[in-house]
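Here the structure comes first, spelled out in structure tokens, and everything after it is commentary.
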Amino acid sequence: MPQYHDSQYDVLVEEYANIVANRLHEDPCGAFDFILETLIDRFERMTEHELIEYIVDMEDDDEIVTSIYGNYPITDQEIEGRDYHQYSLKEGESLSFPVHKK
């Protein structure tokens, strides 16, 4: 019985995908919006470092990255001259600190 159910589900997925694809084909703005939302969702699932690497690899340069981050994009490595602190808490402990307004 589950195979029959999976078969119906596969048909439903394919049929509805065709309906949506045909609708997008008829409305170029709708297709653009769909593609944009899909790409944003895909890129948001990446870490910042993965996205930077992906962009540099796909575009063969880092122009967009440096235009946003400057010459020091976020990396997994510590940047010289920055002060890093590491904190460890025991279960049930919390950490609080004041936030300064600029």
- Is there any pair with a first residue in the stretch 24-48 that is in contact (Cβ under 8 Å) with a residue 24 or more places away in the chain and a second that is surrounded by 12 or more Cβ atoms within 10 Å (Cβ to Cβ) and β-branched (Val, Ile, Thr) whose Cβ atoms are under 9 Å apart and which are 6 or more apart or on different chains, and what are they? 48/74
- Message: Please determine whether any residue of the stretch 66-73 is surrounded by 10 or more Cβ atoms within 10 Å (Cβ to Cβ), at pLDDT 80 or above and polar (S, T, N, Q).
- Response: yes
- Could you look through the stretch 33-65, keep only residues that are within 30 Å of residue 23 (Cα to Cα), part of a helix (DSSP H, G or I) and of a type in the set (D, E, K, R), and pick out the one that is modelled with the lowest pLDDT? 33
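The values are calculated or read from the model by the stated rules, or taken from the named source; none is laboratory data. Worth saying up front: this structure is predicted, and the values here are computed from it rather than measured. Glycine also receives a Cβ, built like all others from the backbone with ideal geometry; neighbour counts cover every protein chain displayed.
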